[in-house]
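The structure appears right after this line, and notes come after that.
The values are calculated or read from the model by the stated rules, or taken from the named source; none is laboratory data. Predicted model, so just to flag it, every value in this text is computed and none were measured. Backbone-built Cβ (ideal geometry, glycine too); neighbour counts: all protein chains shown. We work out accessible area using only protein heavy atoms, side chains counted, and drop any ligands, DNA or RNA first. Shrake-Rupley method; radii C 1.70, N 1.55, O 1.52, S 1.80 Å.
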Amino acid sequence: MRPRKDGRSKSWFDGTYHRPSVVPRPDGKRELREKDCWDKLAYSWPTWKKWMYLSSIASIQISMNFNTSVFPSAVNPIAEHFGISTQAARVGQMIYLVFYSFGCELWAPWSEEFGRWPILQLSLFFINIWQIPNSVAPNFGTIVVCRALGGLSTAGGSVTLGLIADLYDPEEQHWALCFIVLSSTIGTSIGGVIGGPIERFLTWRWNFWIQLIFGVAVQAVHFFMPESRSTILIDREAKRRREAGEDPNIYGPNELKSPRISLKEAGKIWLRPFEMFVREPIVLFLSLLSGFSDALIFTFLEAFAITFPDNFGFGTLATAWAFIPINASYFFTYFLYWPIFRRDEHLKKKNGPDSLSPERRLRPLLILAVFEPIGLFGFAWSCMGPPQTHWIAPMIFSFLVGLANFAIYYSSVDYMIAAYGPYSASATGGNAFARDFLAGIAAMYATPLYTNLSEKRPSEYATTVLACLSCLVVFPIYIFYWKGPQIRKASKFASILAEDRKIEGVRRLSKADNLP
């Protein structure tokens, strides 16, 4: 072995660099690394424990997204109660989603520094607190302010998706990630199904009380879940070894920081998701791709409350149930990925874990993404109502739209989590930022688009516009598939993490030491 100045050594056999298991320091303290306590990290949890943990995280994701999607059912009652227009009442939906997008960015990096458990607990606590003034609001201004604060308090998918990197290496993450993506999409779509009965049988205040009940329940379940962030678990193991007398000079990565977080470092941590969003091509392009797709879906879903009552004569409950095909499509696509996962696992066992390129993760999307424009075009010209069309036709095409939306969301975050590992919460924060910000804007223009574009066929023309835009959204997927290696090479953050993984000799890192 040939030593280097940075403490690494080069093997004469394989030509790769490896750090020593513990890194010496001038003060005699040594840093504990992943490979020295691998059995103490979340990667080594038994399968039942991982899925118990993931189930609690999925319930949190459903709850957070339910808060975004159930509010539209309160728009008409709130407008009537406070004597405002329905367009003004939609500000409550818009502002929540816009502030949600910033909340994802602001909470995500702190979960990488202080652990997933305290950040999610704190986020859920604030979300639930702001539901109370919403429920008893004396005026609409109170709802706007508290919805904004609730959105800003939401950690969202940036943390819940990012923690997948705590449990699995890039070659094993797909099963768990697909499950969390399912919970995210279901949370977005069940609001329409549940919101209808709330609007029909309860007052608008129950819209917020039910959000609060749901939020408290999932927070209580998560309270009993363990921490999964590797750096936090390494700190705990190092402390245990010192107290047990096994090694008095061993310390975790955070224990060796002095101070733990400086003001300058706090600023860097908070800016990390925004910096990655702007400077990392993978984060930027995939986030915009996913964001525009989500905005199209939100605009499309807003149309249900217009299209089905006006064209098919649906009542409040029937309109709510029109969302069921969207939910069914998410479950269908979730199970559709299973044989794809099994085939890839077989190929990796046969040819080695590095035999499949990261772009392989986008391959199913080359076919599934096409169903987004197909579904939108089909919905556009099958939603005119009787006697021309039956209501089942637009529901079938909405199923296809949901199938494509799930695939775009899953493939984009799968690609990013594999590329950014321990900093995937910051990377997926950019994805969440784009999705929620653009969806929030959609809440304001969706209804005018579907009511003012045409006097005779507003739904048909409006959905056709969305279908044309979806063709532009789908096109970059093929560029990413064919030009992925060049794009990844241009992503400095991802390149450095890949280099450090090789140096450490592990499939996943808890942190990187040479980030710019």
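Quick check on the stretch 149-228: take the gyration tensor over C-alpha atoms, sort the square-rooted eigenvalues as a ≥ b ≥ c, and tell me if it's rounded (a/c under 1.5), prolate or oblate. Spell out each step's value before the answer.
Numbers: a/c = 2.74, a/b = 1.91, b/c = 1.43.
Verdict is prolate for the stretch 149-228.
For the chain, which DSSP H helices look membrane-span-like by this rule: Cα extent along the axis of 15 Å or more and mean Kyte-Doolittle of at least 0.0? Can you show the working numbers first?
Working: long enough: 47-69 (32 Å, -0.05); 91-114 (34 Å, 0.53); 116-135 (29 Å, 0.49); 140-152 (18 Å, 1.63); 174-201 (40 Å, 1.03); 205-223 (27 Å, 0.89); 230-243 (20 Å, -1.38); 263-279 (23 Å, -0.06); 281-302 (31 Å, 1.68); 324-351 (41 Å, -0.47); 392-420 (42 Å, 1.33); 424-452 (41 Å, 0.34); 458-490 (46 Å, 0.64); 492-504 (18 Å, -0.34).
Going by DSSP H runs, the hits are 91-114, 116-135, 140-152, 174-201, 205-223, 281-302, 392-420, 424-452, 458-490.
Going through the cross-link list 40/257; 35/257; 40/239; 29/239; 35/239; 29/268, which pairs have a Cα-Cα distance over 24 Å in this structure?
Values: 40/257 21 Å; 35/257 20 Å; 40/239 13 Å; 29/239 13 Å; 35/239 17 Å; 29/268 26 Å.
As for pairs spanning more than 24 Å Cα to Cα, those are 29/268.
In whole Å, how far is the Cα centre of the stretch 126-148 from that of the stretch 177-203?
20
Name the shape class, rounded, prolate or oblate, that the alpha-carbon gyration tensor gives for the stretch 361-460, where a ≥ b ≥ c are the square roots of its eigenvalues, rounded holds for a/c under 1.5, and otherwise prolate holds if a/b is larger than b/c and oblate otherwise.
On the way: a/c = 4.18, a/b = 1.80, b/c = 2.33.
Taking the square roots of the gyration eigenvalues as a ≥ b ≥ c, the stretch 361-460 is oblate.
May I ask for the net charge around residue 483, where only other residues with Cβ less than 14 Å from the Cβ of residue 483 are counted and Lys, Arg are +1 while Asp, Glu are -1?
Working: positive: 488, 489; negative: 359.
Around residue 483, the charge tally is +1.
Ordering 178, 471 by accessible area with a probe of 1.4 Å, largest first, what comes out? Can you show the working numbers first?
Details: 178 0, 471 60 Å².
Greatest to least solvent exposure: 471, 178.
Over 31 Å between Cα atoms, which of 49/348; 350/483; 50/489 qualify?
Values: 49/348 25 Å; 350/483 26 Å; 50/489 33 Å.
Over 31 Å Cα-Cα: 50/489.
Would you indicate which of (1) 24.1, 83; (2) 24.5, 75; (3) 29.3, 117 is the value of Rg and Dmax of the Cα atoms in Å derived from the coordinates of this structure?
Step by step, Rg and Dmax of the Cα atoms in Å for this structure corresponds to label (1).
So what's the back-of-envelope 222 nm ellipticity for the chain, counting only DSSP H runs of four-plus at -39500 (n - 2.57) apiece and dividing by all residues, rounded to 500?
Details: 22 runs with 363 residues, N = 516.
Mean residue ellipticity, 222 nm, calculated: -23500 deg cm²/dmol.
I'd like to check one number: the per residue accessible area of the chain, probe 1.4 Å, reported in Å² as a whole number. The partial results should precede the final answer.
Values: 21040 Å² over 516 residues.
Averaged over the residues of the chain, the accessible area is 41 Å².
When the Debye formula is applied to the Cα atoms of the stretch 314-404, each taken as the same point scatterer, what base-10 log of I(q)/I(0) results at q = 0.14, 0.16, 0.23, 0.24 Å⁻¹?
Ignoring solvent entirely, the Cα scatterers give -0.62, -0.73, -1.11, -1.17.
Mean separation of Cα pairs under 8 Å and 6+ residues apart, divided by the residue count of the chain: what relative contact order is that in percent? Don't jump to the answer; show the numbers that get you there.
On the way: 871 pairs, mean separation 118.9, N = 516.
Relative CO of the chain lands at 23 percent.
Carbon and sulfur atoms: what percent of the 1.4 Å accessible area of the stretch 37-172 do they account for? Present the calculation step by step, with values, prior to reporting the outcome.
Details: 2880 of 4110 Å².
Carbon plus sulfur share of accessible area: 70 percent.
Report Rg(Cα)/(2.2 N^0.38 Å) for the stretch 268-329, keeping two decimals. Walk me through the numbers before you get to the answer.
Working: Rg = 18.0 Å, N = 62, 2.2 N^0.38 = 10.6 Å.
Here the Cα radius of gyration is 1.71 times the empirical estimate.
Suppose every Lys and Arg Cβ carries +1 and every Asp and Glu Cβ carries -1, with no other charges. What dipole size does the chain come out with about its Cα centre, to the nearest 20 debye? Spell out each step's value before the answer.
Working: 51 positive and 42 negative charges, 296 e Å.
With Lys and Arg at +1 and Asp and Glu at -1, about 1420 debye.
Just the Cα atoms of the stretch 58-160, one point each, no solvent: what log10 I(q)/I(0) does Debye give at q = 0.15, 0.18, 0.20, 0.22 Å⁻¹?
-0.58, -0.79, -0.94, -1.09
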